Amino acid sequence: MRSAQAGDRSAYTELLRRIVPIVARMAAARYGRFLEADDIVQDVLLSLHSVRHTYDTRRPFMPWLASIVRNRLVDAYRKRVRISRSETPVPEIPEILGREAASLEGEGRGDPELLESAIADLPAGQRRAVELLKLEELSLKEAAAVSGLSTAALKVAVHRGLKTLRWRLAERK
């Protein structure tokens, strides 16, 4: 790490190569199978890279690395708990869902001419917002530059346009 801090790229590469298996073992020993080891290793490497300047060369390297690993593991564990609290387990997929999915497969992507007609019937501002953001897939910033509208105005217009399209297409079926 001392050499890496001094700018030796090959030393930094070698350091990273050597610590990957150590970090993976530390993650597995601490939390077992609850966490994705590859994700933890990547998080640790990113953290190490961003805070490598804080390493004090007068101190041992492994405790410093272990604290980074511990912090990333705690973050990952907290994220896992947050996600598991918001998930609802489904014991088995309802039969109705299976039939609906099967019937939708035959429908394909819908009627493009009907969609074109519905888009053409939108008010000009909504139509332009839908075209720029959804059909041309421009970012809000790009669409604002092209249209001369603010990003807020584009968001409102595309929201209203999509709502109108859903209503009109449901009405025509």
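Close contacts from region 117-139, counting a first residue that is buried (at least 19 other Cβ atoms within 10 Å of the Cβ) and a second that is not in a helix (DSSP H, G or I), with Cβ to Cβ under 7 Å and a gap of 6+ residues or different chains, come to VAL130/LEU122; LEU132/LEU138.
The residues in region 152-172 that are at pLDDT 90 or above, loosely packed, with under 12 Cβ neighbours inside 10 Å and not basic (Lys, Arg) can be counted, and the count is 1. Of all residue pairs spaced 6 or more apart or on separate chains, none has beta-carbon atoms under 7 Å together with a first member in region 1-30 that is in the same structural domain as ILE68 (by TED's automatic domain parsing) and in contact (Cβ under 8 Å) with a residue 60 or more places away in the chain and a second member that is among the acidic types (Asp, Glu) and in a helix (DSSP H, G or I).
Please determine, by comparing only the residues of region 30-54 that are assigned to a helix (DSSP H, G or I) and aliphatic (A, V, I, L, M), which one is modelled with the lowest pLDDT. Here the residue is ALA37.
The values are calculated or read from the model by the stated rules, or taken from the named source; none is laboratory data. All values reported here derive from a predicted model rather than from experimental measurement. Counting neighbours? That spans all protein chains shown, and the Cβs are built from the backbone with ideal geometry, glycine included.
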